[in-house]
Amino acid sequence: MINTAQFLPFLDSETSAAERKYQMLRSKLVFYFEVHGRNEAEDLAHDVIVRVLRRLNEGLEIDSTDLVKYCFGVARHVLQEARKSRQEVPLEDVPEPEVTSIGLGGLSQVEMLVLQQQILDRLSPSERDLLMRYYLEDHNTLASDLRLTPNALRIRVHRLLEQVRDVTKR
(Lines give C-alpha, C1' and ligand atoms only; values in the text may rest on other atoms or scores of the structure.)
Protein backbone atom coordinates (compact mmCIF):
# COMPACT_ATOMS: atom_id res chain seq x y z
CA MET A 1 0.00 0.00 0.00
CA ILE A 2 1.31 3.42 -0.92
CA ASN A 3 1.10 6.17 1.68
CA THR A 4 -0.22 9.34 0.05
CA ALA A 5 1.79 11.42 2.55
CA GLN A 6 4.76 10.42 0.40
CA PHE A 7 3.20 12.61 -2.28
CA LEU A 8 3.63 15.83 -0.28
CA PRO A 9 7.37 16.42 -0.91
CA PHE A 10 6.72 16.38 -4.65
CA LEU A 11 4.23 19.26 -4.27
CA ASP A 12 6.22 21.61 -2.04
CA SER A 13 9.24 21.52 0.25
CA GLU A 14 7.29 23.16 3.07
CA THR A 15 4.95 20.66 4.74
CA SER A 16 2.01 22.98 5.40
CA ALA A 17 2.09 24.38 1.85
CA ALA A 18 2.35 20.84 0.44
CA GLU A 19 -0.66 19.73 2.50
CA ARG A 20 -2.72 22.67 1.20
CA LYS A 21 -1.67 21.90 -2.38
CA TYR A 22 -2.48 18.22 -1.85
CA GLN A 23 -5.97 18.97 -0.51
CA MET A 24 -6.59 21.41 -3.37
CA LEU A 25 -5.42 18.87 -5.96
CA ARG A 26 -7.50 16.10 -4.40
CA SER A 27 -10.64 18.26 -4.27
CA LYS A 28 -10.15 19.32 -7.91
CA LEU A 29 -9.74 15.68 -8.95
CA VAL A 30 -12.89 14.68 -7.05
CA PHE A 31 -14.76 17.55 -8.68
CA TYR A 32 -13.45 16.49 -12.12
CA PHE A 33 -14.81 12.97 -11.67
CA GLU A 34 -18.12 14.21 -10.22
CA VAL A 35 -18.63 16.54 -13.18
CA HIS A 36 -18.14 13.53 -15.44
CA GLY A 37 -20.89 11.65 -13.60
CA ARG A 38 -18.78 9.23 -11.60
CA ASN A 39 -20.27 8.15 -8.27
CA GLU A 40 -16.92 6.77 -7.13
CA ALA A 41 -15.16 10.13 -7.52
CA GLU A 42 -13.24 9.87 -4.22
CA ASP A 43 -11.86 6.44 -5.13
CA LEU A 44 -10.91 7.55 -8.63
CA ALA A 45 -9.11 10.65 -7.28
CA HIS A 46 -7.19 8.44 -4.86
CA ASP A 47 -6.31 6.09 -7.71
CA VAL A 48 -4.88 9.00 -9.71
CA ILE A 49 -2.70 10.10 -6.82
CA VAL A 50 -1.49 6.56 -6.19
CA ARG A 51 -0.60 6.08 -9.86
CA VAL A 52 1.25 9.38 -10.07
CA LEU A 53 3.10 8.67 -6.82
CA ARG A 54 4.10 5.23 -8.10
CA ARG A 55 5.54 6.84 -11.26
CA LEU A 56 7.37 9.47 -9.21
CA ASN A 57 8.87 6.75 -7.00
CA GLU A 58 10.00 4.93 -10.17
CA GLY A 59 12.09 7.99 -11.03
CA LEU A 60 9.81 10.07 -13.23
CA GLU A 61 10.89 13.69 -12.90
CA ILE A 62 8.14 16.28 -13.08
CA ASP A 63 8.40 19.92 -12.05
CA SER A 64 5.93 20.70 -9.24
CA THR A 65 4.16 23.24 -11.49
CA ASP A 66 3.60 20.55 -14.12
CA LEU A 67 2.61 17.92 -11.57
CA VAL A 68 -1.02 19.10 -11.44
CA LYS A 69 -1.27 18.97 -15.23
CA TYR A 70 0.27 15.50 -15.21
CA CYS A 71 -2.27 14.40 -12.57
CA PHE A 72 -5.14 15.55 -14.74
CA GLY A 73 -3.67 13.70 -17.71
CA VAL A 74 -3.68 10.56 -15.59
CA ALA A 75 -7.22 11.42 -14.41
CA ARG A 76 -8.40 11.52 -18.01
CA HIS A 77 -7.07 7.99 -18.53
CA VAL A 78 -8.58 6.76 -15.25
CA LEU A 79 -11.93 8.20 -16.34
CA GLN A 80 -11.71 6.36 -19.67
CA GLU A 81 -10.90 3.12 -17.85
CA ALA A 82 -13.80 3.64 -15.45
CA ARG A 83 -16.19 4.16 -18.35
CA LYS A 84 -14.97 1.03 -20.10
CA SER A 85 -15.23 -1.12 -16.99
CA ARG A 86 -18.95 -0.61 -16.51
CA GLN A 87 -20.61 -3.83 -15.57
CA GLU A 88 -22.85 -5.03 -18.36
CA VAL A 89 -25.98 -6.82 -17.21
CA PRO A 90 -27.08 -9.81 -19.28
CA LEU A 91 -30.44 -9.30 -20.95
CA GLU A 92 -31.87 -12.26 -19.01
CA ASP A 93 -31.17 -10.42 -15.73
CA VAL A 94 -33.05 -7.27 -16.75
CA PRO A 95 -36.52 -7.40 -15.17
CA GLU A 96 -39.59 -7.25 -17.39
CA PRO A 97 -41.28 -3.83 -17.30
CA GLU A 98 -44.47 -3.73 -15.32
CA VAL A 99 -47.61 -3.19 -17.34
CA THR A 100 -49.02 -0.21 -15.54
CA SER A 101 -51.11 2.70 -16.63
CA ILE A 102 -49.02 5.77 -17.43
CA GLY A 103 -49.90 9.14 -19.02
CA LEU A 104 -51.08 9.57 -22.59
CA GLY A 105 -54.68 8.58 -21.97
CA GLY A 106 -53.93 5.70 -19.62
CA LEU A 107 -51.88 3.61 -22.05
CA SER A 108 -49.95 0.72 -20.56
CA GLN A 109 -46.21 0.55 -21.09
CA VAL A 110 -46.67 -2.13 -23.73
CA GLU A 111 -49.20 0.04 -25.58
CA MET A 112 -46.80 2.97 -25.25
CA LEU A 113 -44.01 0.92 -26.86
CA VAL A 114 -46.32 -0.02 -29.73
CA LEU A 115 -47.25 3.65 -30.15
CA GLN A 116 -43.58 4.66 -30.17
CA GLN A 117 -42.86 2.09 -32.86
CA GLN A 118 -45.77 3.37 -34.96
CA ILE A 119 -44.45 6.91 -34.61
CA LEU A 120 -40.97 5.85 -35.65
CA ASP A 121 -42.46 4.03 -38.64
CA ARG A 122 -43.87 7.38 -39.84
CA LEU A 123 -40.35 8.80 -40.07
CA SER A 124 -38.26 8.18 -43.14
CA PRO A 125 -35.42 5.66 -42.80
CA SER A 126 -32.86 8.46 -42.87
CA GLU A 127 -34.71 10.34 -40.08
CA ARG A 128 -34.91 7.18 -37.94
CA ASP A 129 -31.23 6.54 -38.58
CA LEU A 130 -30.35 10.10 -37.58
CA LEU A 131 -32.27 9.82 -34.29
CA MET A 132 -30.69 6.47 -33.45
CA ARG A 133 -27.18 7.67 -34.27
CA TYR A 134 -27.73 10.89 -32.33
CA TYR A 135 -28.36 8.95 -29.13
CA LEU A 136 -25.72 6.28 -29.73
CA GLU A 137 -22.75 8.18 -31.15
CA ASP A 138 -20.63 11.16 -30.28
CA HIS A 139 -22.48 14.28 -31.45
CA ASN A 140 -19.40 16.03 -32.83
CA THR A 141 -18.37 12.98 -34.86
CA LEU A 142 -21.89 12.53 -36.16
CA ALA A 143 -22.09 16.21 -37.14
CA SER A 144 -18.84 16.00 -39.08
CA ASP A 145 -19.98 12.75 -40.76
CA LEU A 146 -23.11 14.55 -41.93
CA ARG A 147 -21.14 17.69 -42.84
CA LEU A 148 -23.13 19.75 -40.33
CA THR A 149 -22.14 21.97 -37.48
CA PRO A 150 -22.98 20.53 -34.04
CA ASN A 151 -25.63 23.24 -33.64
CA ALA A 152 -27.25 22.39 -37.00
CA LEU A 153 -27.34 18.73 -35.94
CA ARG A 154 -29.07 19.64 -32.65
CA ILE A 155 -31.63 21.73 -34.52
CA ARG A 156 -32.32 18.93 -37.01
CA VAL A 157 -32.84 16.41 -34.18
CA HIS A 158 -34.98 18.89 -32.25
CA ARG A 159 -37.26 19.32 -35.28
CA LEU A 160 -37.59 15.55 -35.67
CA LEU A 161 -38.50 15.21 -32.02
CA GLU A 162 -41.09 17.97 -32.42
CA GLN A 163 -42.68 15.93 -35.23
CA VAL A 164 -42.82 12.94 -32.91
CA ARG A 165 -44.38 15.05 -30.13
CA ASP A 166 -46.99 16.43 -32.52
CA VAL A 167 -48.08 12.90 -33.38
CA THR A 168 -48.45 11.97 -29.71
CA LYS A 169 -50.60 15.05 -29.01
CA ARG A 170 -53.21 13.95 -31.55
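In the stretch 97-120, is there at least one residue being at pLDDT 80 or above and loosely packed, with under 12 Cβ neighbours inside 10 Å?
Within the stretch 97-120, not a single residue is at pLDDT 80 or above and loosely packed, with under 12 Cβ neighbours inside 10 Å.
Go through the residues of the stretch 53-76 one by one and say whether even a single one is among the charged types (D, E, K, R), open to solvent by less than 60 Å² (accessible area, probe 1.4 Å) and either touching a helix residue (DSSP H, G or I) at 6+ places or on another chain (Cβ under 6 Å) or closer than 16 Å to residue 6 by Cβ (or both).
The answer is no, given that none of the residues of the stretch 53-76 is among the charged types (D, E, K, R), open to solvent by less than 60 Å² (accessible area, probe 1.4 Å) and either touching a helix residue (DSSP H, G or I) at 6+ places or on another chain (Cβ under 6 Å) or closer than 16 Å to residue 6 by Cβ (or both).
Residue by residue, here is whether (1) touching a residue at least 24 places away in the same chain (Cβ under 8 Å); (2) of a type outside the set (A, V, I, L, M, F, W, C) holds:
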residue	(1), (2)
7	yes, no
10	yes, no
13	no, yes
30	no, no
43	no, yes
63	no, yes
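Could you check the stretch 133-168 and list, in sequence order, the residues that are modelled with pLDDT under 80 and of a type outside the set (Phe, Trp, Tyr)?
163, 164, 165, 166, 167, 168
The values are calculated or read from the model by the stated rules, or taken from the named source; none is laboratory data. Remember, predicted model here, so these are calculated numbers, not experimental data. Here the Cβ is made from the backbone with ideal geometry for all residues, glycine too, and neighbour counts use every protein chain on show. Note: accessible area is taken over every heavy atom of the protein model, side chains too, but ligands, DNA and RNA are not part of it. Shrake-Rupley method; radii C 1.70, N 1.55, O 1.52, S 1.80 Å.
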